[in-house]
Amino acid sequence: MAIPVIEMGSLIGNDKERFMAEMGKACEEVGFFQLKGHGIPVELMERVKKVCSQHYNHVREPKFKTESVPVKLLNKSLMEAELSSSEPKKVENVDWEDCIVLQYAQEDYPWPSDPSEFKETMMEFGKEITRLAESLLELLSEILGLEKGYLKRTLAGGDGPADKAFFGTKISHYPPCPRPDLVEGLRAHTDAGGLILLFQDDEVGGLQVLDNTGRWIDAPPMKDTLVIDVGDQLEAISNGRYRSAWHRVLATDNGNRMSVASFYNPSLDAVISPAPQLLSQPKEGSELSLYPKFMFGDYMNVYAQQKFLPKEPRFEAVAALQY
């Protein structure tokens, strides 16, 4: 199985029907797909690559090489192996990753000032990605047979003026690693939130997705595309029809991989549960919900402790809370 590559097209007539069928199938069978024709200007994507790379090179890279935990732990493992004339031990519970998270709605968020056009570029990109995410959520609602605006309203926690989903962007770099066999680029996990839109490096690979046969498959670099990823909350709302897939990033020794992942997540006080329209009706007449009803903030508290562990216990933990 390969990661599906889908052309978004015009979303009119047969193009829309084709796209919806392909996207629905990808969300059900893989939980990931590569999106072409998404409408975000290529010129803007090039500017995003430029400012993110410049910020890393000027500000982040020197600190990563000298002060970061993964570098220190890998150096320690290699030194201990040399002193004992033994094979170096694998570095556990750490990722060979440097990252920053942009908080668009946080008024006092300290935006990077190097390069000077960083904030302007990323704010413009954030608006475009938000627009795209909401378009995709509307189509996913339609595919599921839900009323117009259902997923957006559920993630926002309501449809009032103060109800808003959380939107943020994580910018990561995975620098060349001298011993990629000893450390993970990013450990395997599923994403906690709603819909994730990833602008990944178009030259350096490393992203892999676990398919439904238990095999890791590559999500290869592909110019001018976005990787779309189903999060745990869409799995719960769809009552398991859509799946949040395990994925990881491999460390490499031959390139500095860039990743710009934007998260369209529920607000922390949003209450999540399977959509009533998607509940099966067993013979005895009771509703069959495969997922509990819970508050997203509670789920995030659990996720913070269990991100790299199986996702089922996360739902079990929040199921113990009463709503």
**Study point:** Failed item, numbered, when residue 31 is tested on (1) under 23 Å from residue 173 (Cβ atoms); (2) at pLDDT 95 or above
**Key:** (1)
Practice item. Among residues belonging to region 103-121 that are touching a helix residue (DSSP H, G or I) at 6+ places or on another chain (Cβ under 7 Å) and closer than 25 Å to residue 39 by Cβ, point out the one that is most open to solvent (accessible area, probe 1.4 Å). Key: 117
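crowded, with 23+ Cβ neighbours inside 10 Å, within 16 Å of residue 4 (Cβ to Cβ) and among the acidic types (Asp, Glu): does that describe residue 211? It would help to see each step written out before you state the result.
Working: crowded, with 23+ Cβ neighbours inside 10 Å: no; within 16 Å of residue 4 (Cβ to Cβ): yes; among the acidic types (Asp, Glu): yes.
So residue 211 fails the test.
Scan region 231-247 for residues that are open to solvent by 10 Å² or more (accessible area, probe 1.4 Å) and part of a loop (DSSP other than H, G, I, E, B) and jot them down.
Listed by number, the residues that qualify are 239, 240, 241, 243, 246.
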**Study point:** Residues satisfying the stated conditions in region 116-132, i.e. over 21 Å from the mean Cα position of the chain (by Cα), without any contact (Cβ under 8 Å) to a residue 24 or more places away in the chain and in a helix (DSSP H, G or I)
**Key:** 119, 120
Check your understanding: Any residue at all in region 133-146 that is within 23 Å of residue 206 (Cβ to Cβ) and not in a loop (DSSP other than H, G, I, E, B)?
Key -> no
**Study point:** Test set (1) closer than 17 Å to residue 315 by Cβ; (2) part of a strand (DSSP E or B) - residue 228 fails condition number
**Key:** (1)
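Can you tell me which residue among 251, 261, 236, 219 is in contact with a Gly (Cβ under 6 Å, 6 or more places away or on another chain), touching a residue at least 24 places away in the same chain (Cβ under 8 Å) and aliphatic (A, V, I, L, M)?
Working: 261 fails: in contact with a Gly (Cβ under 6 Å, 6 or more places away or on another chain); 236 fails: in contact with a Gly (Cβ under 6 Å, 6 or more places away or on another chain); 219 fails: in contact with a Gly (Cβ under 6 Å, 6 or more places away or on another chain).
Answer to the check: 251.
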Exercise for review: Would you mention how many residues in region 75-99 are at pLDDT below 95 and among the aromatic types (Phe, Trp, Tyr)?
Suggested key: 0
Review point. Which members of region 32-49 meet the condition of being charged (D, E, K, R) and touching a residue at least 40 places away in the same chain (Cβ under 8 Å)?
Key: 36, 47, 49
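If I go through region 29-78 residue by residue, how many of them are in a helix (DSSP H, G or I), open to solvent by less than 60 Å² (accessible area, probe 1.4 Å) and hydroxyl-bearing (Ser, Thr, Tyr)? Write out each step before concluding.
Just the residues of region 29-78 that are in a helix (DSSP H, G or I), to begin with: 29, 42-67, 69-78.
Imposing the further condition that a residue be open to solvent by less than 60 Å² (accessible area, probe 1.4 Å) reduces the set to 44-45, 48-49, 51-56, 59, 61, 64, 70-71, 74, 77-78.
If we keep only those that are hydroxyl-bearing (Ser, Thr, Tyr) too, we end up with 53, 56, 77.
Result for region 29-78: 3.
Residues checked against (1) within 22 Å of residue 309 (Cα to Cα); (2) part of a helix (DSSP H, G or I); (3) open to solvent by 20 Å² or more (accessible area, probe 1.4 Å):
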position	(1), (2), (3)
151	no, yes, no
155	no, yes, no
162	no, no, yes
177	no, no, no
192	yes, no, no
196	yes, no, no
199	no, no, no
204	no, no, yes
Check your understanding: Do we find a residue being of a type in the set (Val, Ile, Thr), open to solvent by 10 Å² or more (accessible area, probe 1.4 Å) and at negative phi anywhere in region 248-268?
Key -> yes
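Take the conditions farther than 18 Å from residue 141 by Cβ and open to solvent by less than 50 Å² (accessible area, probe 1.4 Å) and apply them to residue 297. Does it pass?
Numbers: farther than 18 Å from residue 141 by Cβ: yes; open to solvent by less than 50 Å² (accessible area, probe 1.4 Å): yes.
Taking the combined requirement at face value, the residue satisfies it.
The values are calculated or read from the model by the stated rules, or taken from the named source; none is laboratory data. Remember, it's a predicted structure, so these values are computed and weren't measured experimentally. No Cβ is skipped: glycine too gets one built from the backbone with ideal geometry, and neighbour counts run over all protein chains shown. Remember, those area values only see protein heavy atoms, side chains included, never the ligands or the DNA or RNA. Shrake-Rupley method; radii C 1.70, N 1.55, O 1.52, S 1.80 Å.
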